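Beneath this line is the structure, given in structure tokens, with notes to follow.
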Amino acid sequence: MTRSQKLFSRAQKVLVGGVNSPVRAFRAVGGAPRFAVEGSGCRLVDADGRAYIDYCLSWGPLILGHARPEIAAAAAKALRRGSTFGAATEAEVELAEELRRAIPSLERVRLTSSGTEAVMSALRVARAATSRDLIVKFSGCYHGHVDSLLVQAGSGATTLGVPDSAGVPAAWARTTLTLPYNDLEAARRTFSKLGGKIAAVIVEPFVGNMGVVLPRPGFLEGLRALTKRHKALLIFDEVITGFRLCYGGAQNALGITPDLTTLGKIVGGGLPLAAYGGRREIMELVAPLGPVYQAGTLSGNPVAVAAGLECLRLLRRDRPYRGLNEATTRLVAGLLGAARAAKVPVRVNSAGSMFTVFFCDSPVFDYASAKKADAKRYARFFNAMLREGVYFPPAQFEAAFLSAAHRPKDVDRTILAARRAFSKV
Ligand SMILES: *Cc1c(COP(=O)(O)O)cnc(C)c1O
């Protein structure tokens, strides 16, 4: 038995399913999950001392790789001064200023501890701002485990076959209207029927959570126009895309201004930190200025803020995006070549430094087309890659990520590994 296997049996006796977040359990790919011991740059080391080139990267936060020394130092320094005060600190102001400079639509920001919290709060604000109840979401998009949004949700919910979670009151699920991603006509029809009741449309501008899916030209612009016309709010869930595609949000790259934005993952530099924000008059509905209650004992935690701020400053200073995009383009081309050589039909979607290898033969542009992918084949590919020392996300319907710490030689090694792996699936 490996040490990971031993730890997993111990874990299952105390933690639900042996994990603290479902997709970590490797259910979709089989086998015992690897227990992580340390990481450095693009490398992850497991409890048996095996090193992997990591393309899961904690599901998105680690755009600068594992254990970036400047981030670790900033967090350690903050920790020595006191782990939490429950009082305002200067660094929170600096982080909010940094966020607003990068994403001008964030006129006012509130920090939270998780992306789920940020989304949940943004919806509450949207409902308060419009005095309407309905929320439009798109199938396959995942916005955290917010009750009313666990309807046709992507990510682990898809992987584990529970896209509609138990425990969500039917009445709450009915406040969510679910439409196909990239289908502007469906959105138009819904608004022409129910426009006066819709508080907000929430969307991942580039989807990461059914695997990577790109917006068709005009789709997001159309949502912007539609929401404006019907006085509903547009919420961009940029928990993955924030600071992933460029310094700022996908909204900067797209030239579309949402009313509210949620952020997480990268903005915490690997610590638990997220944020929501947007137009001033909407955000000023939040307590203490307005009637929307939202709070958090550890919100704006000084250690997390120090890590997040350092991460954003490094991204602003170094602008690693061009290099990241080039490395991703090379990797994607190599993976496609390797699949072709092994006569394995795949489609690869990529945006900036996020990508997904779909094991299917037709374009993936929404949830229905994503679900055509052969998840069992992905599982065999994943395990073959793992044996080669490459750690992909342990499920088909997830985004893989590159970090600024992935070097060309790491990409080349990955392509070589993929050549062998594809021939075994
Ligand atoms: C990860 C994610 C969330 C949830 O964030 P947590 O920090 O896991 O609660 C919300 N929205 C999107 C788009 C995500 O990728």
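The values are calculated or read from the model by the stated rules, or taken from the named source; none is laboratory data. These figures come from a predicted structure and were not determined experimentally. Methodologically, a virtual Cβ is constructed for each residue, glycine included, from the backbone with ideal geometry; neighbour enumeration extends over all protein chains shown. Surface accessibility is based on the protein's heavy atoms, side chains included, excluding ligands, DNA and RNA. Shrake-Rupley method; radii C 1.70, N 1.55, O 1.52, S 1.80 Å.
Yes or no, residue by residue, for (1) away from the ligand (no atom under 16 Å from the Cβ); (2) surrounded by fewer than 18 Cβ atoms within 10 Å (Cβ to Cβ); (3) at pLDDT 95 or above; (4) within 18 Å of L226 (Cβ to Cβ):
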| residue | (1), (2), (3), (4) |
| --- | --- |
| I103 | no, no, yes, no |
| T112 | no, no, yes, no |
| A126 | no, no, yes, yes |
| A173 | yes, yes, no, no |
| E185 | yes, yes, yes, yes |
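Reported count of residues in region 196-242, each being within 12 Å of the ligand (Cβ to nearest atom) and out of contact with any Phe, Trp or Tyr (no Cβ under 7 Å at 6 or more places or on another chain), is 11. Close Cβ contacts (under 7 Å, 6 or more residues apart or on different chains) running from residues in region 132-155 that are closer than 15 Å to G208 by Cβ and modelled with pLDDT under 85 to residues that are charged (D, E, K, R) and more than 8 Å from the ligand (Cβ to nearest atom) comprise S155/E398. Being hydrophobic (A, V, I, L, M, F, W, C), in the same structural domain as L226 (by TED's automatic domain parsing) and under 19 Å from L309 (Cα atoms) is a property that L273 has.
Would you pick out the residues in region 114-124 that are within 17 Å of T176 (Cα to Cα), within 11 Å of the ligand (Cβ to nearest atom) and either open to solvent by 40 Å² or more (accessible area, probe 1.4 Å) or at pLDDT below 95 (or both)?
First, pick out the residues of region 114-124 that are within 17 Å of T176 (Cα to Cα): 116, 119-124.
From what is left, the residues that are within 11 Å of the ligand (Cβ to nearest atom) are 116, 119-120, 122.
Of everything in region 114-124, just one residue is within 17 Å of T176 (Cα to Cα), within 11 Å of the ligand (Cβ to nearest atom) and either open to solvent by 40 Å² or more (accessible area, probe 1.4 Å) or at pLDDT below 95 (or both), namely M120.
When the test is whether a residue is open to solvent by 10 Å² or more (accessible area, probe 1.4 Å), within 16 Å of the ligand (Cβ to nearest atom), part of a loop (DSSP other than H, G, I, E, B) and not β-branched (V, I, T), L289 does not pass it. Taking L245 as the residue in question, decide whether it is within 26 Å of F401 (Cβ to Cβ), within 16 Å of the ligand (Cβ to nearest atom) and at pLDDT below 95. No, not satisfied. Go through region 292-327 and count every residue that is among the aromatic types (F, W, Y) and part of a helix (DSSP H, G or I). The total comes to 1.
Of the residues that make up region 158-166, is at least one away from the ligand (no atom under 16 Å from the Cβ) and modelled with pLDDT of 95 or more? Among the residues of region 158-166, not one is away from the ligand (no atom under 16 Å from the Cβ) and modelled with pLDDT of 95 or more, which makes the answer no. State whether one or more residues within region 142-165 are open to solvent by 10 Å² or more (accessible area, probe 1.4 Å) and touching a Gly at 6+ places or on another chain (Cβ under 6 Å). The answer is yes, given that some residue of region 142-165 is open to solvent by 10 Å² or more (accessible area, probe 1.4 Å) and touching a Gly at 6+ places or on another chain (Cβ under 6 Å). Pairing each residue of region 1-13 that is modelled with pLDDT of 95 or more with any residue that is open to solvent by less than 60 Å² (accessible area, probe 1.4 Å) and of a type in the set (D, E, K, R), provided the two are 6+ apart or on different chains, yields C-beta distances under 7 Å for S4/D46.
In region 44-62, the qualifying residues are those that are open to solvent by 40 Å² or more (accessible area, probe 1.4 Å) and under 20 Å from the mean Cα position of the chain (by Cα), and the one that is nearest to the ligand (Cβ to nearest atom) is W59. Inspection of region 314-327 finds a residue satisfying the criterion of being open to solvent by 40 Å² or more (accessible area, probe 1.4 Å), within 20 Å of the chain's Cα centre (by Cα) and not charged (D, E, K, R). Number of residues in region 262-275 that are assigned to a strand (DSSP E or B) and near the ligand (Cβ under 10 Å from one of its atoms): the value is 3.
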